[in-house]
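What follows is a set of notes on a single structure, which appears directly below.
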Amino acid sequence: MSVVLLVAYWSAIWPYLVGALVLGGLVGGGWWLWRTDRFIRGGDRRWRHDEAVKAGHRTLAEVDAMTGTEFEDFVVDLCRRDGCTDVRRVGGSHDNGADVLGCLPDGRTMVIQCKRYTPKSKIPSREVRDLLGVRVHFKVDVAIFVATTYFTRPAETFATENDILAVHRDHLGLWNNGASLLSLGAVNGLGQGDQLHRKRWKETYE
């Protein structure tokens, strides 16, 4: 009986069946193309990131030999490598305390203070406090302090309590070696090396 009904109504239902099959094919094909595009783009981004790391990689000894302006340009290059946009160096006599301005990959605005000090120096808390005023002045979302040395304990504490990303020498090394700027937030304020690390640092620089 069902076969008879199917034959009787075939002329009425076949366009819908064909349409459903075509639609299913289009949806499936579109999904496959979307996944393929995501895969290719993701691989391309990883490749470009890896190539940018290789091209821009510097040893910390090379960073120590930079001038203040060269260090600011180095930080700008790292930001651009990580997908930050509208990044520009503004350091100078009338910079109002900002060395670099731009936007993070997630869209938040940022201001960066760069300090290329000798490794045996320490960043005092007053310099970190000054960055709070800079953040207010430029009306940005995130304040970042990038240094070639370490912060005093009060300076590091102040930074974490006031949502300032304190990038000390160890974190700068991670960033230079491929870690993203955003990922450094996860280790912000978690110390600056263990006892053995600090001993070796003192033997090297003091």
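Keeping the other protein chains in place, figure out the carbon and sulfur percent of the accessible area of the stretch 54-172, with a 1.4 Å probe. Show your work: numbers first, answer last.
Numbers: 2660 of 5550 Å².
Its accessible area is 48 percent carbon and sulfur atoms.
Between Val136 and Leu21, what is the FRET efficiency for a Förster distance of 45 Å, r being their Cβ-Cβ separation, to the nearest 0.05? Write out the running numbers ahead of the final one.
Numbers: r = 62 Å, r/R0 = 1.38.
Plugging the Cβ-Cβ distance into 1/(1 + (r/R0)^6) gives 0.15.
Be a star and scan the stretch 147-181 for residues whose amide nitrogen sits under 18 Å from the point 7 Å along the Cα-to-Cβ vector of Lys122.
147-161, 166-171
To check you understand DSSP bridge types, tell me what percent of the beta bridges within the stretch 62-197 (both residues inside) are antiparallel, rounded to 5. Don't skip to the answer; put the middle values down first.
On the way: 7 of 19 bridges.
If we restrict to bridges inside the stretch 62-197, about 35 percent are antiparallel.
The values are calculated or read from the model by the stated rules, or taken from the named source; none is laboratory data. Keep in mind that what you see is a predicted model, and the values were worked out from it rather than measured. For neighbour counting, all protein chains shown are included, and Cβ atoms are generated from backbone atoms with ideal geometry for every residue, glycine included. Remember, those area values only see protein heavy atoms, side chains included, never the ligands or the DNA or RNA. Shrake-Rupley method; radii C 1.70, N 1.55, O 1.52, S 1.80 Å.
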